[in-house]
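One structure below.
The values are calculated or read from the model by the stated rules, or taken from the named source; none is laboratory data. This is a predicted model, so every value here is computed, not measured. We place every Cβ from the backbone using ideal geometry, glycine too, and count neighbours over all the protein chains shown.
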Amino acid sequence: MFNFYINTPEDDTSGSLYSNIGIYFSNDSIWFNIYDTLPFVPQLETPDNFFYDDTANWIKVELNYIAIGGEKYMTVGNFKGNQNTNLLNLGPSLINYYYFDSFSLVECNPPPPSIEIIIPNIFTPNKDGINDNFNIENLPDNSLLTVYNRWGASVYQSNNYNNDWTGESLSDGVYYYILTLPSGNSTKGTVTILRD
């Protein structure tokens, strides 16, 4: 993640503000004595038509950047030229500038891989020690399970299901469940109890 802070001058020395702030990373330093377009394609740009016009506060800008390796230098500026730059006029001056501070490039760890929750559609609670419970694989703690019969009456509920429902005292057949994870996501489905 690439971050920096930007602020607009409080006085009237800046005649206008511009969007399209570009950031160019390079392996070598660059020097061009020009006042218009920087002849490079920036790897990062701020949003088009968004002007940082807050003079009282520093605004944090965050942009995603994937390094390719070898970057040592950074150039910040206008890479589009006057004809392709969006301007917000503030006053009569021809000078355009911002204040910048605290540039940083921080490594972000990738999110952990998601674990698939596997819900069976049948279990056989015949007390043979095999498939006797409604066993949901990779189920996170504090998951809510509610089971209904075919008439819509609740026959089982647990606010922290631990794979311990055996369908005891229920007849064989198809039942309906709603499983709600701690994240709030819900899954609906059917499960069959089959003892023979």
Subject >> Residues satisfying the stated conditions in the range 165-182, i.e. in contact with a strand residue (DSSP E or B) (Cβ under 8 Å, 6 or more places away or on another chain) and within 14 Å of ILE193 (Cα to Cα) >> reply: TRP165, GLY167, LEU170, SER171, ASP172, GLY173, VAL174, TYR175, TYR176, TYR177
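Would you mind stating whether ILE119 is surrounded by 14 or more Cβ atoms within 10 Å (Cβ to Cβ) and in contact (Cβ under 8 Å) with a residue 40 or more places away in the chain?
The answer is yes for ILE119.
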Subject >> Neighbours by Cβ (under 6 Å, 6+ apart or cross-chain): first from the range 177-189, free of Cβ contacts under 8 Å to residues at least 40 places away in the same chain; second among the charged types (D, E, K, R) and surrounded by fewer than 13 Cβ atoms within 10 Å (Cβ to Cβ) >> reply: ILE178/LYS188
Original post:
Just wondering, is there one or more residues in the range 161-169 that are touching a Phe, Trp or Tyr at 6+ places or on another chain (Cβ under 6 Å) and either closer than 11 Å to ILE122 by Cβ or in a strand (DSSP E or B) (or both)?
Top reply: no
**OP:** Might you let me know whether the range 65-74 holds any residue that is within 27 Å of PHE32 (Cα to Cα) and modelled with pLDDT under 75?
**Re:** no
**OP:** Hey, can you tell me all the residues within the range 1-53 that are closer than 19 Å to LYS80 by Cβ, outside any loop (DSSP other than H, G, I, E, B) and at pLDDT below 85?
**Re:** SER16, LEU17, TYR18, ILE21
